[in-house]
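Only one structure is covered here, and it is reproduced in the block below.
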Amino acid sequence: MATRKIVIFDTTLRDGEQIPGAKLNAKQKLEIALQLEKLGVDVIEAGFPCSSPGDAQAVKTVAREVSKPVVAGLARAVQKDIDICWDSVREAARPRIHVFLGSSDIHVQRKLRMDRDKALNLAVDSVRYAKGLCPDVEYSTEDASRTDFDYLCRVIDSVIKAGATTINIPDTVGYAVPEEFGDLIVRLREGIPALSKVTLSVHCHNDLGLAVANSVAAIRNGAQAVECTINGIGERAGNASLEEIVMTLRTRSSVFGVHTDINTKEIFRTSRMVSRLMNIPVQPNKAVVGANAFAHSAGIHQDGILKDRRTYEIMKPEDVGIMEHTMVLTARSGRAAVRHKLKDLGYDLDENMFQKVFQRFINVADRKKEITAKDLSSIVEIEMSKVPETYTFLGMQIMSGDQTMPLSAVRLKKGEEILTDAAIGNGPVDATYRCIDRLVGHRGKLLDYDLKAITTGKDALGEAMVRVEVEGKIYSGLGTSPDVIEASARAYLNAFNRFFANNVE
Ligand code: KIV
Ligand code: ZN
């Protein structure tokens, strides 16, 4: 039986990117956008073009390069915003202008300092203006879940008449609960006959941890599109997570009777890419994509899994693209084997990138006996996310222990020059970071530091993620190595290289 299609609107590059320190440049946005296209999302919200000229440029780049999904830009209900937004998305194969304005009294009266009628007129004028530029116009009634129902209906009815083709109902502050939110969708559909002619969408935030529950409740009650982000990243507690919604709809298809066009096998790779490029670690117990999502530790569970995986697994790891198969490479694996495995993992690298990956693979494989699929993916993604290196990491040595003052010596290369220095610190990482500060001539303030093992086992590859403030701006960095202090050093240097890439010396 044919099922209802749910439109997946991804806002990782807009709502997700609003997290401090997660800012992406145009190249990084494009990389994620192309992966989202591979994942099969229907709409990519590429940014908020009027927020900065850099973001407008990034949205333009995405609009030019992405061919299948609709490319949307966000705009306030202000002509100048809408113009900038249109200029950014107009080259897309399928452009969309997404206009939003507060509709709850607290937003209308307190934030916008207007009365309801004035806000409604502004909404209508803005949609009409946007429609004159672009046939595909989405309108969001910001803070819909806290809006007076009759006023909400008036706004929606009016903006549909002005030309909106998608109506989005946001639970902006994550206040709704599932039954109530599902009910709101039913009441809106019953109360506004014109809604049947447009796409009805929802956009839920996770302040009470209910974003996914509210989204699927809305879908069950007739919403046709859902706005979400990879890994659930976004303002405050985040947005509804794309992977959780998609896998809920798929795993419980008998309950929902709907489908999406998402290629679920691309979920894990997309999750890793977003985590790396935006420098936001995924919590280990995160549903669907967390490191423990498919790990079974209790003996009784392991016993069940060995007898029949279905005892404790409702989804297969491979369905979301987690490759459990024991693909093991060693330092003796030649280029052809590595190339073959990369292809297997879905990486299509040009020769230049392949050489960089191979060099790093050899370097890691010399110290770690076996390189797994996860190790190789980490190496590729870190190489792909690198900025031009003002400083290249050459090596390091540390002296540490409970009776000695931690001392770190680091060797870097800048152009043709080899730079070496040493520093002491409160611990080996601190000493290393102090040493790098001296070598690069700037002081970094470490805001976040996350270190995790990519695989299990004592010789697992360590992956470090940092956020560093340099000269008042925040830069993220990533590093990987079998040696965790070296991974930390590489991550810190990667953040500095981002600083230098933005501030040519
Ligand atoms: O949360 C929200 O209300 C939004 C709108 C702009 C859709 O992000
Ligand atoms: Zn939002």
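Where a number appears in this text, it was derived from the coordinates with a stated rule and is not lab data. What you see is a predicted model; the values in this text were computed from it and never measured. Here Cβ is always computed from backbone atoms with ideal geometry, including for glycine, and neighbour counts include all displayed protein chains.
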Percentage relative contact order, the chain, counting C-alpha pairs under 8 Å, at least six apart: 10 percent
Cross-link pairs Lys369/Lys413; Lys286/Lys343; Lys111/Lys445 - those with Cα-Cα distance over 30 Å: Lys111/Lys445
Pair Asp150, Asp87: separation of 7 Å Cα→Cβ label points (nm): 4.3 nm
Calculated FRET value between Asp350 and Glu389, using beta carbons and R₀ = 22 Å, to 0.05: 0.75
Spin-label model distance (nm) - Arg252 vs Ile106, 7 Å beyond Cα toward Cβ: 2.8 nm
Model label zone, Lys161; criterion: amide N under 14 Å from point 7 Å along Cα-to-beta-carbon; scope the stretch 86-121: 120-121
Rounded, prolate or oblate (a/c below 1.5 giving rounded, otherwise prolate when a/b exceeds b/c) for the stretch 227-267 by Cα gyration tensor: prolate
Cα gyration tensor, the stretch 392-501 - rounded (a/c under 1.5), prolate or oblate: rounded
222 nm mean residue ellipticity, helices alone, for the chain (DSSP H n ≥ 4; -39,500 (n - 2.57); rounded to 500): -12000 deg cm²/dmol
Cα Rg over Rh - the stretch 118-166, Kirkwood: 0.96
Acute angle (nearest 10 degrees) that the helix 149-161 long axis makes with the longest principal axis of the chain, alpha-carbon atoms: 90 degrees
Residue-span extension gain [Asn502 to Val177] - 0.36 nm each, minus C-alpha spacing: 112.7 nm
The chain shape via C-alpha gyration tensor axes, a/c threshold 1.5: prolate
Pairwise label distance in nanometres, Lys38 with Ile424, each label 7 Å out on the Cα-Cβ vector: 4.9 nm
Anchor Lys414: lysines whose Cα lies under 19 Å away (excluding residues fewer than 8 positions away in-chain): Lys356, Lys386
The chain, dipole about Cα centre (Lys/Arg Cβ +1, Asp/Glu Cβ -1), debye to the nearest 20: 660 debye
